[in-house]
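Trainee: Sharing a structure below in C-alpha cells format, with a few things to ask.
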Amino acid sequence: MNVVVVSETVEINSNIGTDIIDITGLVGQHLAESGIIRGAVILFVPGSTGALTTIEYESGVIQDLADAIERLVPRNIPYAHDQRWGDGNGYSHVRAALLGPSLHIPVAEGRLSLGTWQQVVLINFDNRARRRRLIIQVMGEKK
C-alpha cells in the first residue's frame with residue numbers, strides 16, 4: 001500500500017460573533033483533487049477563537065447551536081481574560097476550547113464518510129471579523 005499525504009492551507013472570511021460557515025463543499029473539493037479513495041481528512045483551524053464541528057447546516061439548527069453556545073458561555077459575564085487583556089473576547093476563547101480546533105473524517109470510496117444530513121462547519125467566535133486559516137490534510141490510498 002502506498003500512502004499519500006496532501007496538505008493545503010486555505011483562508012476563509014468570517015464575521016463577528018458566532019459565525020457558522022459550511023465548509024463541506026470546500027473539503028470535498030480538496031478530497032476529490034487529491035485522488036485519495038481510502039483514508040482520512042484531517043482539518044485544523046489555527047488560533048484560539050475558532051473551532052470545527054459537524055452539524056446539519058439548516059437555519060433552524062444553526063440558530064439552535066448559536067443559542068445553546070450563548071447559554072453555555074454567555075458574552076455578557078466577566079472573564080479573567082478580558083480583565084487581563086481588555087479585548088473583550090474571553091468568551092470566544094472558552095467557546096472555541098469547548099468545541100475544539102480539529103476534525104478527523106474517514107474517507108471511503110473517495111468520499112467523506114458523513115451522515116446524510118451532516119455537514120462540516122467552521123465557527124468564528126471572535127468579537128471581530130477574521131480571515132481564518134484552515135489546514136486541510138488528506139491522507140490515504142490513491143486510485
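Only the coordinates and a few stated rules stand behind these numbers; no lab work does. Note that the coordinates shown come from a computational prediction; the quantities given were computed from them, not determined experimentally. For neighbour counting, all protein chains shown are included, and Cβ atoms are generated from backbone atoms with ideal geometry for every residue, glycine included.
Trainee: Using θ = phi - 60° and the Karplus form 6.51 cos²θ - 1.76 cosθ + 1.60, what ³J(HN,Hα) does each residue of the stretch 87-102 get, whole Hz, x for Gly and Pro?
Mentor: Computed from phi, the couplings for the stretch 87-102 are 9, x, 10, x, 4, 5, 5, 5, 4, 5, 5, 5, 8, x, x, 9 Hz.
Trainee: A further question on this structure: Going out from 0 in 10 Å bins, what whole percent of all Cα-Cα distances in the chain drops into each bin?
Mentor: Result returned by the calculation: 12, 39, 30, 14, 5, 0.
Trainee: In what sequence do HIS30, HIS104 fall when counting other Cβ within 10 Å, fewest first? Could the numbers behind the result be given before it?
Mentor: Working: HIS30 21, HIS104 10.
Least to most surrounded, the residues fall as HIS104, HIS30.
Trainee: Right, another one. In debye, nearest 20, what is the charge dipole magnitude of the stretch 3-142 about its Cα centre with +1 on Lys and Arg Cβ and -1 on Asp and Glu Cβ, if you could check? Intermediate values should be presented prior to the final figure.
Mentor: Numbers: 12 positive and 15 negative charges, 76 e Å.
Dipole magnitude for the stretch 3-142 comes out near 360 debye.
Trainee: Once every DSSP H run of n ≥ 4 in the chain is given -39500 (n - 2.57) and the sum is divided by its residues, what mean residue ellipticity at 222 nm do you get, rounded to the nearest 500 deg cm²/dmol?
Mentor: Working: 4 runs with 41 residues, N = 143.
When only DSSP H runs of four or more count, the value is -8500 deg cm²/dmol.
Trainee: Can you give me the distance in nm between label points at MET139 and GLU109, each placed 7 Å from the Cα along the Cα-to-Cβ direction?
Mentor: 2.5
Trainee: Excluding ASP22 itself, calculate the net charge of residues whose Cβ lies under 15 Å from the Cβ of ASP22, where each Lys or Arg counts +1 and each Asp or Glu counts -1. Before the final figure, lay out the partial values.
Mentor: Numbers: positive: ARG132; negative: ASP19, GLU56, GLU58.
That sum, taken over residues with Cβ under 15 Å, equals -2.
Trainee: Hey, another quick one. Amide H neighbours of ASP126 under 5 Å, at least 5 residues apart or on other chains, H built in the peptide plane: list them.
Mentor: Close amide H contacts, sequence-distant or interchain: GLY17.
Trainee: Here is a further query. With a Förster radius of 22 Å, plug the Cβ-Cβ distance of VAL5 and TRP85 into 1/(1 + (r/R0)^6) and report the FRET value to the nearest 0.05. Each step should come with its number before you reach the end.
Mentor: Values: r = 37 Å, r/R0 = 1.68.
In this case the efficiency is close to 0.05.
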